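The values are calculated or read from the model by the stated rules, or taken from the named source; none is laboratory data. These numbers were taken from a predicted model, which means no experiment stands behind them. Note that we place each Cβ from the backbone using ideal geometry, even for glycine, and neighbour counts take in every protein chain shown.
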Amino acid sequence: MSKKFETAISSLGSNQLDTFVYLSTANSLLSNPYEEVLGRELVIRALDAKEKFINHLGILKAMVRKAGLYPYLSSEFAKISIEEQYAIEIYRAAYLPGFIYHSMQLKILKLLNEGRNVVLSAPTSMGKSAIVDSLIASDKYFRVVIVVPTIALIDETRRRIAHKFASRYDVISHNSQELRDSRKTVFVLTQERINERTDLKHIDLFVIDEFYKLAFKKNDADARTISLNICLSKLLLVSKQFYMIGPSVDEVRGLNDFGRNYVFVPSAFNTVAVNVTEYNIPANDREEKTRALLKILRPIGSTSGEQTIIYCRSPQAAAEIVESLIENEIGASVRSSYTDWIDTHYSTTWAYSRAVRAGIGIHHGSLPRAIQQYTIDLFNEKKLKVLICTATIIEGVNTNAETVVVFDNRSGTGSIDRFTHNNIKGRAGRMNVHFVGNVHCLEKIPEDTIEGRIVDVPLGLQSSSTPPNLLAGIETEHVQEAAAGTLSDYIASSHVPLSILKKHATYRVETLRAVLEAVKAHSNYELEEACSKKPSAAQLELMCNALRIAEYRTLLHLNLHSQESDLKLKISRYLFAESHQSYLDEIIAWIDLHYATDILKSTAMDRDLKIIRNIFGFAVPRTLSLLQDLINHVINERGLLFSAQFDYVKAKFENSHLPGVFSALEEMGIPVQTLSKIKSERLAKVNVNVLARYLRLRYRSMKNLTDLDKKFIARALT
């Protein structure tokens with residue numbers, strides 16, 4: 001790092017600051033393309049300490065302009081010259097009222113407006129999504145597809161776009177929503193949902209957020225990566241233009257062979273500065289890490305101080321941190337209708353409940369979506385000062401955190417690399433909210449490697465080792481000669497039809513074969529028993545056997561993989577429960593009876609919520625879909641006269657005992673408990689858009705809804 005940069009940073013916090021020399025250093029660095037990012041950081045830090053530069057505001061304004069930070073030129077100075085106002089107007093957004101671009105945003109927007117394909121790597125604070133909004137606002141695009149990695153991001157993106165463009169665009173975020181040919185449309189979907197849709201044609205622009213997820217991790221061909229590559233293949237054939245965005249990438253390999261030229265822009269353009277403190281505490285020394293964390297948090301107090309995110313490896317780690325914070329009186333006692341609602345529908349011993357009553361938030365993937373989303377809102381509204389997160393923070397959910405504490409360098413049981421570490425750090429500071437963010441790394445920062453900054457796209461880097469399920473899932477036009485033999489060998493040797501492999505391409509070939517063999521091991525009579533219209537013992541047995549094969553890794557993480565586990569018991573209890581809440585009540589009562597301490601009860605609660613989310617909500621429906629196709633294949637081979645139809649059972653799990661149309665509203669942040677008060681046979685027959693419109697008009701007058709229920713609905717739909 002530049003010596004003069006370090007000298008300038010040191011001087012800013014001292015009594016010997018010479019503001020003219022400081023700004024001269026910034027000017028010098030900004031003039032050098034290799035040091036421009038350092039010069040911009042000096043300017044940002046000067047804005048954070050603007051009162052020290054009162055005698056040189058004219059020079060500071062000139063440096064802000066030279067750094068390309070035009071939004072700050074508009075917002076941070078009371079007096080603007082005619083020339084400066086003219087410069088601001090050049091960067092003012094034509095279609096987004098009140099928005100001013102910085103220089104890198106305008107550069108990328110110009111490339112896209114020229115019809116170019118763009119792959120942009122830039123820091124989290126760069127404002128990449130504002131470019132997407134500008135493209136939609138221009139009305140040049142009739143059909144836009146935005147691919148996001150999580151349902152949480154679907155909701156955040158849907159709300160942002162619907163708020164700005166609902167009068168001009170339909171926003172489709174759930175596969176129960178139908179495309180209207182006459183309406184401009186923005187699809188906001190995960191890759192899995194993109195792959196399920198058959199109406200994605202004549203797309204003007206597609207956007208892939210977090211495009212680095214196209215690459216396999218450490219040679220692990222995981223299902224979601226394969227699904228994203230299949231999604232990319234599908235969209236490349238039907239779209240005129242693409243824009244891919246993500247952080248911390250120096251090179252992309254594998255996008256050159258599809259006849260689509262693109263511009264790769266690796267940018268370090270920063271709009272906030274970050275102070276990084278490294279503690280080098282051993283990973284397993286939780287006592288020392290906790291002491292360091294408490295020292296960091298104590299100045300925050302109960303009513304003032306910095307919004308702080310704590311990243312940790314797992315829900316259990318989050319619960320342990322909560323206990324430490326409560327014991328040391330970090331946070332403030334909170335009692336509200338929301339905390340009462342959590343206690344009523346979940347448990348007073350649950351770590352989340354204890355945390356939110358102490359003014360602390362928890363956010364991880366096992367939490368019900370409404371709780372996740374409401375927690376983020378409470379944090380951004382500064383009603384919670386501390387937010388403890390697991391890997392969900394990496395997925396791009398926006399917060400107003402000024403400080404990030406990286407408590408663990410792990411995600412689950414695996415280590416995180418420098419790339420992921422940078423993504424976590426990128427949550428500190430936010431443009432137009434904080435000039436400077438603070439990051440505390442309690443463990444040693446992972447080493448930076450060249451390989452860690454390269455994204456290899458399997459779709460374009462095919463070989464004889466490319467997974468056959470990926471090859472079967474992608475468009476025929478994209479199967480390369482180097483891998484064609486692999487697919488041909490599979491077709492020649494496998495008993496699983498290519499159509500089934502293509503439909504269920506996220507499963508490994510070996511997994512499909514194993515499930516098929518399990519089906520074939522059943523006699524005709526046994527298969528007919530398993531295909532009964534109403535759930536039966538034979539159906540449950542076959543379903544659980546298929547689950548143990550198809551979803552082995554997911555079950556293993558929850559200790560449900562063995563024959564001796566209570567998988568079948570949990571599945572049957574949920575299936576035959578009166579409602580989602582009645583099952584939850586039964587589970588909570590069992591936990592209270594069988595566990596002695598609050599921390600053990602909370603851990604058990606998190607595990608069962610994870611089972612509800614990952615097993616009931618995802619693994620069971622996915623396996624049932626596969627099982628149905630494989631059973632019907634065997635039935636056809638044997639010439640039998642019955643068929644498998646698991647839609648009823650699948651819907652029970654997939655939709656949390658609610659009519660299918662209501663599941664889209666649950667994703668938007670309306671809790672299952674609230675939706676259960678609204679459901680009716682009449683409303684079950686309408687589509688999502690009609691149901692949402694009905695609720696917008698009627699929810700205020702529904703007497704069976706509490707004020708908090710109405711708040712959940714208003715947050716999701718208005």
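Could you tell me whether residue 460 is out of contact with any Lys or Arg (no Cβ under 6 Å at 6 or more places or on another chain), modelled with pLDDT of 90 or more and not charged (D, E, K, R)?
Working: out of contact with any Lys or Arg (no Cβ under 6 Å at 6 or more places or on another chain): yes; modelled with pLDDT of 90 or more: yes; not charged (D, E, K, R): yes.
Yes; evaluated as a whole, the condition is true for this residue.
So residue 641 fits all but one of (1) free of Cβ contacts under 8 Å to residues at least 12 places away in the same chain; (2) within 26 Å of residue 625 (Cα to Cα); (3) not in a loop (DSSP other than H, G, I, E, B); what number is the exception?
The one condition residue 641 does not meet is (3).
Find the residue count for region 330-346, including only residues that are outside any helix (DSSP H, G or I), touching a residue at least 12 places away in the same chain (Cβ under 8 Å) and either in the same structural domain as residue 705 (by the TED database) or surrounded by fewer than 23 Cβ atoms within 10 Å (Cβ to Cβ) (or both).
To start, the set of residues in region 330-346 that are outside any helix (DSSP H, G or I) comprises 330-336, 346.
When the remaining residues are screened for being touching a residue at least 12 places away in the same chain (Cβ under 8 Å), the result is 330-335, 346.
With the extra rule that they be either in the same structural domain as residue 705 (by the TED database) or surrounded by fewer than 23 Cβ atoms within 10 Å (Cβ to Cβ) (or both), the set shrinks to 332-335, 346.
So the answer is 5.
Among (1) buried (at least 20 other Cβ atoms within 10 Å of the Cβ); (2) within 27 Å of residue 671 (Cα to Cα), which single condition is residue 547 missing?
Exception for residue 547: condition (2).
Being of a type in the set (Val, Ile, Thr) and more than 29 Å from the chain's Cα centre (by Cα) is the filter here; which residues of region 481-513 pass it? Quick ask: steps written out before the conclusion?
Narrowing region 481-513 to residues of a type in the set (Val, Ile, Thr): 486, 491, 496, 500, 506, 509, 511.
Matches in region 481-513: 486, 491, 496.
Give me the residue from region 552-561 that is surrounded by fewer than 22 Cβ atoms within 10 Å (Cβ to Cβ) and not in a helix (DSSP H, G or I) and, out of that set, modelled with the lowest pLDDT.
Step by step, filter region 552-561, then rank; the result is 561.
Only one of 39, 115, 58, 98 is more than 18 Å from residue 432 (Cα to Cα) and not in a helix (DSSP H, G or I); which? Break it down stepwise before answering.
Details: 39 fails: not in a helix (DSSP H, G or I); 58 fails: not in a helix (DSSP H, G or I); 98 fails: more than 18 Å from residue 432 (Cα to Cα).
The unique qualifying residue is 115.
In region 467-506, which residues are in a loop (DSSP other than H, G, I, E, B) and under 15 Å from residue 227 (Cβ atoms)?
Narrowing region 467-506 to residues in a loop (DSSP other than H, G, I, E, B): 467, 474-475, 479-480, 494-497, 504-506.
Of everything in region 467-506, those that are in a loop (DSSP other than H, G, I, E, B) and under 15 Å from residue 227 (Cβ atoms) turn out to be 467, 474, 475, 504, 505, 506.
From the set of residues in region 680-694 that are surrounded by fewer than 16 Cβ atoms within 10 Å (Cβ to Cβ) and polar (S, T, N, Q), which is farthest from residue 156 (Cα to Cα)?
680
What is the residue count in region 267-296 for residues that are of a type in the set (A, V, I, L, M) and not in a helix (DSSP H, G or I)? Outline the logic, then answer.
Filtering region 267-296 for residues of a type in the set (A, V, I, L, M) gives 268, 272-274, 276, 281, 283, 292-294, 296.
Checking the rest, the ones that are also not in a helix (DSSP H, G or I) come to 268, 272-274, 276, 281, 283.
Matching residues across region 267-296 total 7.
For region 210-259, give me each residue that is part of a loop (DSSP other than H, G, I, E, B), in contact (Cβ under 8 Å) with a residue 40 or more places away in the chain and of a type in the set (Gly, Ala, Ser).
Passing the criteria: 215, 221, 248, 254.
Residue 438 - would you say it is of a type in the set (S, T, N, Q) and assigned to a strand (DSSP E or B)?
Values: of a type in the set (S, T, N, Q): yes; assigned to a strand (DSSP E or B): yes.
Yes: the conditions hold for residue 438.
Can you tell which of 172, 151, 131, 146 is surrounded by 15 or more Cβ atoms within 10 Å (Cβ to Cβ), farther than 23 Å from residue 63 by Cβ, without any contact (Cβ under 8 Å) to a residue 40 or more places away in the chain and assigned by the TED database to the domain that holds residue 213? Even if it seems obvious, please write down each step before you answer.
Numbers: 151 fails: without any contact (Cβ under 8 Å) to a residue 40 or more places away in the chain; 131 fails: without any contact (Cβ under 8 Å) to a residue 40 or more places away in the chain; 146 fails: without any contact (Cβ under 8 Å) to a residue 40 or more places away in the chain.
Every option except 172 fails the conditions.
How many of the residues making up region 131-160 are hydrophobic (A, V, I, L, M, F, W, C), part of a helix (DSSP H, G or I) and modelled with pLDDT of 95 or more? Quick ask: steps written out before the conclusion?
Going through region 131-160, the residues hydrophobic (A, V, I, L, M, F, W, C) turn out to be 131-132, 135-137, 142, 144-148, 151-154.
Subsequent filtering for residues that are part of a helix (DSSP H, G or I) retains 131-132, 135-137, 151-154.
Imposing the further condition that a residue be modelled with pLDDT of 95 or more reduces the set to 131-132, 135-137.
Adding up the residues that qualify gives 5.
Restricting to region 246-265, name every residue that is under 14 Å from residue 128 (Cβ atoms), of a type outside the set (Gly, Ala, Ser) and modelled with pLDDT under 95.
Filtering region 246-265 down to residues under 14 Å from residue 128 (Cβ atoms) leaves 246-249, 265.
Cutting the leftovers down to of a type outside the set (Gly, Ala, Ser) gives us 247, 249, 265.
Result: 247, 249.
Just name the residue that is surrounded by the most Cβ atoms within 10 Å (Cβ to Cβ) out of those in region 564-588 that are closer than 20 Å to residue 657 by Cα and of a type in the set (Gly, Ala, Ser).
Residues of region 564-588 that are closer than 20 Å to residue 657 by Cα, as a first pass: 567-588.
Filter again for of a type in the set (Gly, Ala, Ser), leaving 572, 577, 579, 582.
Values: 572: 15, 577: 17, 579: 15, 582: 14.
The residue in question is 577.
Return a yes/no flag: does region 562-572 have any residue that is without any contact (Cβ under 8 Å) to a residue 12 or more places away in the chain, in a helix (DSSP H, G or I) and assigned by the TED database to the domain that holds residue 529.
Yes: region 562-572 contains one or more residues that are without any contact (Cβ under 8 Å) to a residue 12 or more places away in the chain, in a helix (DSSP H, G or I) and assigned by the TED database to the domain that holds residue 529.
Can you pull out every residue in region 495-524 that is polar (S, T, N, Q) and surrounded by 17 or more Cβ atoms within 10 Å (Cβ to Cβ)? Give the steps one after another, and end with the answer.
Quick first cut of region 495-524, residues polar (S, T, N, Q) only: 499, 506, 511, 523-524.
Hits for region 495-524 are 506, 511.
What number of residues within region 170-200 are over 18 Å from residue 660 (Cα atoms) and touching a strand residue (DSSP E or B) at 6+ places or on another chain (Cβ under 8 Å)?
Of the residues in region 170-200, 13 are over 18 Å from residue 660 (Cα atoms) and touching a strand residue (DSSP E or B) at 6+ places or on another chain (Cβ under 8 Å).
Just one of 310, 245, 296 is β-branched (Val, Ile, Thr), under 29 Å from residue 557 (Cα atoms), surrounded by 15 or more Cβ atoms within 10 Å (Cβ to Cβ) and not assigned by the TED database to the domain that holds residue 65; which is it?
Working: 245 fails: under 29 Å from residue 557 (Cα atoms); 296 fails: under 29 Å from residue 557 (Cα atoms).
Result of the check over 310, 245, 296: 310.
Out of region 695-707, which residues are part of a helix (DSSP H, G or I) and crowded, with 16+ Cβ neighbours inside 10 Å? Explain how you work it out, then say what you get.
The initial filter retains those residues of region 695-707 that are part of a helix (DSSP H, G or I), namely 695-701, 707.
Residues satisfying the conditions are 695, 699.
Limited to region 61-71, what total is found for residues that are part of a helix (DSSP H, G or I) and either aliphatic (A, V, I, L, M) or without any contact (Cβ under 8 Å) to a residue 60 or more places away in the chain (or both)?
Restricting attention to region 61-71, the residues satisfying the condition of being part of a helix (DSSP H, G or I) are 61-66, 70-71.
Imposing the further condition that a residue be either aliphatic (A, V, I, L, M) or without any contact (Cβ under 8 Å) to a residue 60 or more places away in the chain (or both) reduces the set to 61-66, 70.
Summing the residues that are part of a helix (DSSP H, G or I) and either aliphatic (A, V, I, L, M) or without any contact (Cβ under 8 Å) to a residue 60 or more places away in the chain (or both) in region 61-71 gives 7.
Which one of these does residue 656 not meet: (1) buried (at least 21 other Cβ atoms within 10 Å of the Cβ); (2) among the hydroxyl-bearing types (Ser, Thr, Tyr); (3) part of a helix (DSSP H, G or I)?
So the condition that residue 656 fails would be (3).
Using the structure shown, decide if residue 375 is assigned to a helix (DSSP H, G or I) and surrounded by fewer than 20 Cβ atoms within 10 Å (Cβ to Cβ).
Details: assigned to a helix (DSSP H, G or I): yes; surrounded by fewer than 20 Cβ atoms within 10 Å (Cβ to Cβ): no.
In short, no.
In region 8-35, how many residues are more than 17 Å from residue 47 (Cβ to Cβ) and either under 39 Å from the mean Cα position of the chain (by Cα) or not in a helix (DSSP H, G or I) (or both)?
Total satisfying the criteria: 10.
Look through 227, 233 and report the one residue that is modelled with pLDDT of 95 or more, surrounded by 19 or more Cβ atoms within 10 Å (Cβ to Cβ) and touching a His at 6+ places or on another chain (Cβ under 6 Å). Steps first, answer last, please.
On the way: 227 fails: touching a His at 6+ places or on another chain (Cβ under 6 Å).
Matching residue, one of 227, 233: 233.
So which of 612, 670 ends up being assigned to a loop (DSSP other than H, G, I, E, B) and at pLDDT 95 or above? I'd like the intermediate steps shown before the answer.
Values: 612 fails: assigned to a loop (DSSP other than H, G, I, E, B).
So the residue among 612, 670 that is assigned to a loop (DSSP other than H, G, I, E, B) and at pLDDT 95 or above is 670.
Just to be sure I understand the filter: pairs with C-beta atoms under 7 Å, separated by 6 or more residues or on different chains, first member in region 192-209 and part of a loop (DSSP other than H, G, I, E, B), second member among the hydrophobic types (A, V, I, L, M, F, W, C). Which pairs pass?
199/179; 200/145; 200/194; 200/238; 201/238; 202/238; 204/142; 204/144
Residue 166 versus (1) of a type in the set (Gly, Ala, Ser); (2) at pLDDT 90 or above; (3) under 28 Å from residue 70 (Cβ atoms): which is the lone unmet condition?
Of the numbered conditions (1) of a type in the set (Gly, Ala, Ser); (2) at pLDDT 90 or above; (3) under 28 Å from residue 70 (Cβ atoms), the odd one out for residue 166 is (3).
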